[in-house]
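Take a look at the structure set out below.
The values are calculated or read from the model by the stated rules, or taken from the named source; none is laboratory data. From a predicted model like this one, the values you see are computed outputs, not experimental measurements. Virtual Cβ from ideal backbone geometry, glycine too; neighbours counted across all protein chains shown. Remember, those area values only see protein heavy atoms, side chains included, never the ligands or the DNA or RNA. Shrake-Rupley method; radii C 1.70, N 1.55, O 1.52, S 1.80 Å.
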Amino acid sequence: MFQVRDPGRATSSEKLRERKLREDPLATVQGPQVVVCNRCGASIKLSVKSAYDPFHWHRHRERCLKRPDAVVQSMRDANDKVALSYYLICIDI
């Protein structure tokens, strides 16, 4: 018979995936579906079907590490401006 998993309880696979993401020095885990790249500052959306699914993060990480430092710095500057704009909009509400 089909059983529905309690959404409030993480499976052992989810816990393992979360631990691996948190151990990655280039990643800051924001939640089950979002990781922030510590190198370029980009927010990476993970799978909505599977908590802490690292597929999109691994793809971004690989590409980010291939980019020259100057490109990464310009990306970081752009991401910082977007984050600041968002913050300023939020506090005006």
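Inspect the stretch 55-68 for any residue being at pLDDT below 95 and either part of a loop (DSSP other than H, G, I, E, B) or of a type in the set (Gly, Ala, Ser) (or both) and give the result as yes or no.
Yes; the residues of the stretch 55-68 include at least one that is at pLDDT below 95 and either part of a loop (DSSP other than H, G, I, E, B) or of a type in the set (Gly, Ala, Ser) (or both).
How about the stretch 45-77: which of its residues are farther than 20 Å from SER13 by Cβ and aliphatic (A, V, I, L, M)?
Residues satisfying the conditions are LEU65, ALA70, VAL71, VAL72, MET75.
List every residue pair whose Cβ atoms sit under 6 Å apart, with the two residues 6 or more apart in sequence or on different chains, where the first one lies in the stretch 70-88 and is within 18 Å of LEU26 (Cβ to Cβ) and the second, anywhere, is at pLDDT 70 or above.
From the stretch 70-88, the pairs are VAL72/ARG39; VAL72/CYS40; MET75/CYS40; ARG76/CYS40; ARG76/GLY41; ASN79/GLY41; ASN79/ALA42.
So GLU23 passes all but one of these: (1) surrounded by 15 or more Cβ atoms within 10 Å (Cβ to Cβ); (2) modelled with pLDDT of 95 or more. Which condition number does it fail?
Condition (1) is where GLU23 drops out.
Can you tell me which residue in the stretch 38-58 is nearest to ARG17 (Cα to Cα), limited to those that are in contact with a strand residue (DSSP E or B) (Cβ under 9 Å, 6 or more places away or on another chain) and open to solvent by 50 Å² or more (accessible area, probe 1.4 Å)?
Once the filter is applied, the top-ranked residue is HIS56.
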